[in-house]
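Notes follow the structure.
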Amino acid sequence: AQTVTQSQPEMSVQEAETVTLSCTYDTSESDYYLFWYKQPPSRQMILVIRQEAYKQQNATENRFSVNFQKAAKSFSLKISDSQLGDAAMYFCAYRTVRGGSEKLVFGKGTKLTVNP
Amino acid sequence: GAVVSQHPSWVICKSGTSVKIECRSLDFQATTMFWYRQFPKQSLMLMATSNEGSKATYEQGVEKDKFLINHASLTLSTLTVTSAHPEDSSFYICSARRPSYNEQFFGPGTRLTVL
């Protein structure tokens with residue numbers, strides 16, 4: 001079974017600085033998707049960024065970028081120029097497809113605090 | 001955009017009663033919807049996958065008779081917590097898969113408190 005590990009329960013960063021959140025996963029599949037979701041206090045899950053495993057190029061969305069290391073099964077999220085609104089829980093997720101049905105497997109999350 | 005709504009956003013009920021939670025895709029048709037449960041300060045755990053017009057597929061350990069899922073149309077899935085007990089108190093989140101999009105779109109969640 002696929003597992004997703006986020007080893008940092010909490011992280012903090014100064015406003016305007018850069019922070020990296022770690023995520024590792026375990027799988028025997030060769031083709032899959034990885035996601036980073038943000039869950040602010042409202043608890044609405046918001047997609048931050050996604051990465052297709054077959055793409056070697058790291059995904060980037062404005063201030064958010066990933067470092068995808070397929071061989072190491074690592075998928076870290078870098079937030080540049082951190083803003084107060086970035087404070088939230090961040091979940092790393094792996095998408096697996098079994099028998100035609102997909103499933104998202106989430107890590108335990110990292111709580112990000114942004115200090116002014 | 002792809003908007004998913006849930007109703008109600010917050011419900012309090014007495015032990016032994018049943019509660020229905022609705023999940024709607026507002027601007028797209030979703031052939032597949034998902035139901036998650038999130039305990040305080042924990043991650044999301046998939047409870048079941050709901051396909052329009054067919055029976056839901058439940059994850060191991062999830063009681064089918066307790067968590068009834070109905071996906072009657074391409075825009076609506078419902079989760080009914082039957083004979084709710086205090087241990088069922090949790091945050092329930094649905095998501096919907098939009099065809100041709102490689103992501104799930106999440107609803108805002110429903111907080112269930114069972115007294």
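Exceeding 22 Å between C-alpha atoms, which entries from my cross-link table qualify? They are A:Lys38/B:Lys66; B:Lys41/B:Lys64; A:Lys78/A:Lys111; A:Lys108/B:Lys14; B:Lys20/B:Lys41; A:Lys78/A:Lys103. If you can, show how the numbers build up before the last one.
Details: A:Lys38/B:Lys66 30 Å; B:Lys41/B:Lys64 25 Å; A:Lys78/A:Lys111 14 Å; A:Lys108/B:Lys14 30 Å; B:Lys20/B:Lys41 24 Å; A:Lys78/A:Lys103 25 Å.
Those over the limit are A:Lys38/B:Lys66; B:Lys41/B:Lys64; A:Lys108/B:Lys14; B:Lys20/B:Lys41; A:Lys78/A:Lys103.
When the accessible area of the protein assembly as shown is computed with all protein chains present and a 1.4 Å probe, what percentage of it is carbon and sulfur?
Details: 5620 of 11430 Å².
Carbon and sulfur atoms account for 49 percent of the accessible area of the protein assembly as shown.
Applying a 4.7 Å Cβ-Cβ cutoff to chain B leaves B:Cys13 as cysteine residues with no disulfide-compatible partner. Placing R0 at 22 angstrom, the Cβ-Cβ distance between B:Glu52 and A:Glu102 gives a FRET efficiency of 0.90 after rounding to 0.05.
Each of B:Val3 and A:Ala71 was given a label point 7 Å from its Cα along the Cα-to-Cβ line. The distance between the two points is 4.8 nm.
Return one whole number: the accessible area per residue of chain B in Å², for a 1.4 Å probe. Per-residue value: 49 Å².
In this structure the amide hydrogen of B:Ser89, modeled in the peptide plane, comes within under 5 Å of the amide hydrogens of B:Val114, none closer than 5 places in sequence on its chain. Accessible-area rank, largest first, for A:Glu10, A:Glu29: A:Glu10, A:Glu29, with all protein chains present and a 1.4 angstrom probe.
For the pair B and A, how large is the buried accessible area, both sides, in square angstrom to the nearest 100, if the probe is 1.4 Å?
Values: alone 6470 and 6670 Å², together 11430 Å².
Buried surface at the B/A interface: approximately 1700 Å².
Residue-wise HN-Hα couplings along the stretch B:15-25, as the Karplus relation 6.51 cos²θ - 1.76 cosθ + 1.60 with θ = phi - 60° gives them from phi, are 4, x, 8, 10, 10, 10, 10, 9, 10, 10, 8 Hz; Gly and Pro carry x.
Since only B:Val114, B:Phe67, B:Gln104 are under comparison, the one whose Cα sits farthest along the positive direction of the charge dipole of chain B, derived from C-beta charges on Lys, Arg, Asp and Glu, is B:Val114.
Set the Förster distance to 35 Å, then compute FRET efficiency between B:Arg111 and A:Glu15 from the Cβ-Cβ distance, nearest 0.05. Kindly include the intermediate steps, with their values, before the conclusion.
Numbers: r = 31 Å, r/R0 = 0.87.
So the FRET efficiency works out to roughly 0.70.
In a fully extended conformation the segment linking B:Thr31 and B:Met45 would gain 3.0 nm over its present Cα-Cα distance, using 0.36 nm per residue. For the stretch A:35-60, a reduction of at least 30 Å² in accessible area between the chain on its own and the assembled protein chains (probe 1.4 Å) is found at A:Tyr37, A:Arg43, A:Gln44, A:Met45, A:Arg50. In order along the stretch A:9-20, the Karplus-derived 3J(HN,Hα) couplings, from 6.51 cos²θ - 1.76 cosθ + 1.60 at θ = phi - 60°, round to x, 9, 9, 9, 8, 7, 3, 6, 8, 10, 9, 10 Hz, and Gly and Pro are given as x. Residues whose amide H falls under 5 Å from that of A:Lys108, counting only those 5 or more places apart or on a different chain, are A:Gln6, with hydrogens built in the peptide plane. Taking 7 Å steps out from each Cα toward its Cβ at A:Gln57 and A:Asp81 produces label points 2.1 nm apart.
The values are calculated or read from the model by the stated rules, or taken from the named source; none is laboratory data. These numbers were taken from a predicted model, which means no experiment stands behind them. Reconstructed Cβ throughout: ideal geometry from the backbone, glycine too, with neighbour counts over all protein chains shown. The accessibility values were calculated without ligands, DNA or RNA, using every heavy atom of the protein model including side chains. Shrake-Rupley method; radii C 1.70, N 1.55, O 1.52, S 1.80 Å.
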